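The values are calculated or read from the model by the stated rules, or taken from the named source; none is laboratory data. Note that the structure is a prediction, hence the values are computed from the model and not measured. Don't worry about glycine lacking a Cβ; one is built from the backbone with ideal geometry, like all the others, and counts go over all protein chains shown.
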Amino acid sequence: MRAVASVIVNRAQVPNGEFARVSNGGDIRAIIEQQGQFTCMKEMVAGAYNAQNVWNMDPEDVHYAIADWAIAGNIFSGVGDSLFYFNPFNPQCPPYFPPGGAGVIFNRINQHCYYSPTSVYATT
């Protein structure tokens, strides 16, 4: 959870590219609510109701603690400056994500691959 929270903080703090425009100076909520970014923010996925959306969850103390940790600007070192992550459902992480080369593999944590921005990202 800290890894994903770190990606959100990184997106809010990046000085250029798409996420800099979306965050408009560091608005974490704008990053979280950006259209199409996080499945948990969608009521429908692939035409079916998403029962695991944030409106159906009952946060526990650990979730609040991680949110407070992230809002304070903390970053989990395992993701570095990563702006992207996904589960490839494969033992190998593709070298670049998303398609187009905006991110290069930084690390894999459990099922998820984390990607640092490339020079291509700055032009997004």
| query | When both residues are 6+ apart or on different chains and their Cβ atoms are under 6 Å apart, which pairs have a first residue that lies in region 68-87 and is farther than 15 Å from ILE31 by Cα, and a second that is part of a helix (DSSP H, G or I) and among the polar types (S, T, N, Q)? | reply | ILE75/SER6; PHE76/SER6; VAL79/SER6; ASP81/ASN10
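So which residues in region 50-69 are more than 21 Å from GLY36 (Cβ to Cβ) and among the aliphatic types (A, V, I, L, M), if there are any at all?
Passing the criteria: VAL62, ALA65, ILE66, ALA67.
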| Residues of region 69-110 being of a type in the set (A, V, I, L, M), touching a strand residue (DSSP E or B) at 6+ places or on another chain (Cβ under 6 Å) and assigned to a loop (DSSP other than H, G, I, E, B), which ones? | LEU83
| query | Using beta carbons and a limit of 9 Å, which pairs, at least six apart or on different chains, have the first residue in region 15-41 and at positive phi and the second one assigned to a helix (DSSP H, G or I) and of a type outside the set (A, V, I, L, M, F, W, C)? | reply | GLY17/TYR121; GLY17/THR123; GLY26/GLN13
| query | Does region 22-36 hold any residues that are over 9 Å from ALA12 (Cα atoms), assigned to a loop (DSSP other than H, G, I, E, B) and at pLDDT 85 or above, and which are they? | reply | GLU33, GLN34, GLN35
| message | Restricting to region 1-21, give me the number of residues that are part of a loop (DSSP other than H, G, I, E, B) and touching a Gly at 6+ places or on another chain (Cβ under 9 Å). | response | 0
